[in-house]
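Novice: Pasting in a structure now, in structure tokens, and then I'll have a few things to ask.
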Amino acid sequence: MYTTDADRWKKTLKDYARTNRQQPTEAEDHLWQELRNYKLGARFRRQHAIQQFIVDFVCLEAWLIIEVDGSVHADASQAEYDGGRTHELQEAGFLVVRFSNEEVLHNTTQVLQTIIKHLNTLLPTTEG
């Protein structure tokens, strides 16, 4: 399992992740209802710590991270931070896919189809 180190988790990330799970945005909650309980055939975790980051959703088996971005992510400094964060996560071997709140809330079917496409590409198959 890919995660963060225990000290970093306990000192800085655990409370932040817990708060984010307890108070999700509307879009995060909406998408979580579609991802939870293996609904897409894979296990997703929400608000999971990877390195020094908390990602919105991750399928560890597929090395797939899903980020849901609100309007704050359009700000230039936030966009620059997001770019660096995405780069570091990709360097660690993850595919990072971003959707806007609006996409998640108003075009859920397309968002799920995109996630399924990536899962089909990334997940190992049992077929011989």
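The numbers here are math on the coordinates, done by the rules we state, and not lab data. Quick caveat, the model's predicted, so the values are computed rather than measured. Reconstructed Cβ throughout: ideal geometry from the backbone, glycine too, with neighbour counts over all protein chains shown.
Novice: Please arrange ILE65, ILE54, ILE116 by counting, for each residue, the other beta carbons lying within 10 Å of its beta carbon, fewest first.
Specialist: Listed from fewest to most nearby Cβ atoms, that is ILE116, ILE54, ILE65.
Novice: Whole-Hz Karplus ³J(HN,Hα) for segment 37-50, in order, using 6.51 cos²θ - 1.76 cosθ + 1.60 and θ = phi - 60°, x for Gly and Pro?
Specialist: Once θ is set to phi - 60°, the couplings for segment 37-50 become 6, 6, 4, 9, x, 9, 8, 10, 10, 10, 6, 9, 7, 10 Hz.
Novice: Turning to a different aspect of this structure: Amide H neighbours of GLU67 under 5 Å, counting only residues 5+ apart in sequence or on other chains, H built in-plane at 1.01 Å?
Specialist: Under 5 Å from the amide H of GLU67: VAL97, ARG98, PHE99.
Novice: Express in % the proportion of alpha carbon pairs of segment 89-128 at distances exceeding 14 Å.
Specialist: For segment 89-128, the fraction of Cα-Cα distances above 14 Å is 58 percent.
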